[in-house]
1. For region 144-162, check the following and say yes or no: at least one residue is over 15 Å from the mean Cα position of the chain (by Cα), within 30 Å of residue 210 (Cβ to Cβ) and assigned to a helix (DSSP H, G or I).
2. Take the residues in region 216-256 that are over 19 Å from the mean Cα position of the chain (by Cα) and part of a loop (DSSP other than H, G, I, E, B), then tell me which one is nearest to residue 2 (Cα to Cα).
3. Considering only residues that are without any contact (Cβ under 8 Å) to a residue 12 or more places away in the chain and closer than 19 Å to residue 5 by Cβ, look in region 188-211 and name the one that is surrounded by the most Cβ atoms within 10 Å (Cβ to Cβ).
4. Right, residue 150: within 24 Å of residue 188 (Cβ to Cβ) and touching a residue at least 12 places away in the same chain (Cβ under 8 Å) or not?
5. Could you check region 1-48 and list, in sequence order, the residues that are in a helix (DSSP H, G or I), over 19 Å from residue 105 (Cα atoms) and touching a helix residue (DSSP H, G or I) at 6+ places or on another chain (Cβ under 9 Å)?
6. So which residues in region 19-37 are buried (at least 19 other Cβ atoms within 10 Å of the Cβ), more than 16 Å from residue 198 (Cβ to Cβ) and touching a residue at least 12 places away in the same chain (Cβ under 8 Å)?
7. Tally time: how many residues in region 212-224 are in contact (Cβ under 8 Å) with a residue 24 or more places away in the chain, farther than 17 Å from residue 10 by Cα and in contact with a strand residue (DSSP E or B) (Cβ under 9 Å, 6 or more places away or on another chain)?
8. On the given criteria, is residue 113 part of a loop (DSSP other than H, G, I, E, B) and touching a helix residue (DSSP H, G or I) at 6+ places or on another chain (Cβ under 8 Å)?
């Protein structure tokens, strides 16, 4: 079945490395979210230059794009003076993946320090630093629109709005996080879609990031109805991490999309 949006999934579907996953997914999806990690003085899964070249070739051969998930929640400083490690890791990932011409760099903004604080001065300082961090990383990425800030579970749905009002970054709407927090993703999407380049969808069972088949069918259909009705042409990532969850998520979306067409 064809979709008006770019249906995708993650680079952790089969138990193997990123390149093996992309080979498996090529022709099955139109976008792969590269979930990258880098441990200080330890392992990382950043593709080697030879692997990047093959990823580029695969993408060219089958209308595939990549979204790149930055490895750490982004923040400007660690103690008010030193640049936070998340910025250096973001730069390394962007430089390594630039040849892929990613659809977007998905990122989290670290707001834990002010999430439950009520002092206006602390919140305003955090917002200022968040904007500065996004400006800096946006320059490395080729423009702030390449950055797609994701809503996180446990945060008020409008938590990032004052930051997003000050810089022209894009958005990643994580529907699963909204379901997890008891929020209506359709209402959220109506406001967010004009700036949204990526949407994550996954079901909730014992935890999130389960198959989309675990989402109530009417809720899944309502989200897809909104995307179709709004002519959304960005990426819809089935953010799951096993072959079984990938296949059942795809089947659930197919069923919901057929329901849209009847």
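What follows is calculated from the coordinates using simple rules that are stated; it is not laboratory data. For clarity, every value in this text was computed on a predicted model and none was experimentally measured. Backbone-built Cβ (ideal geometry, glycine too); neighbour counts: all protein chains shown.
1. yes
2. 231
3. Step one: list which residues in region 188-211 are without any contact (Cβ under 8 Å) to a residue 12 or more places away in the chain, which gives 191, 194, 205-207.
Right, trim to closer than 19 Å to residue 5 by Cβ and you get 191, 194.
Details: 191: 14, 194: 9.
Per the criteria, the residue is 191.
4. Details: within 24 Å of residue 188 (Cβ to Cβ): yes; touching a residue at least 12 places away in the same chain (Cβ under 8 Å): yes.
In short, yes.
5. Of everything in region 1-48, those that are in a helix (DSSP H, G or I), over 19 Å from residue 105 (Cα atoms) and touching a helix residue (DSSP H, G or I) at 6+ places or on another chain (Cβ under 9 Å) turn out to be 23, 24, 25.
6. Scanning region 19-37 gives 22, 25.
7. Number of matching residues: 4.
8. Working: part of a loop (DSSP other than H, G, I, E, B): yes; touching a helix residue (DSSP H, G or I) at 6+ places or on another chain (Cβ under 8 Å): yes.
So residue 113 fits the description; yes.
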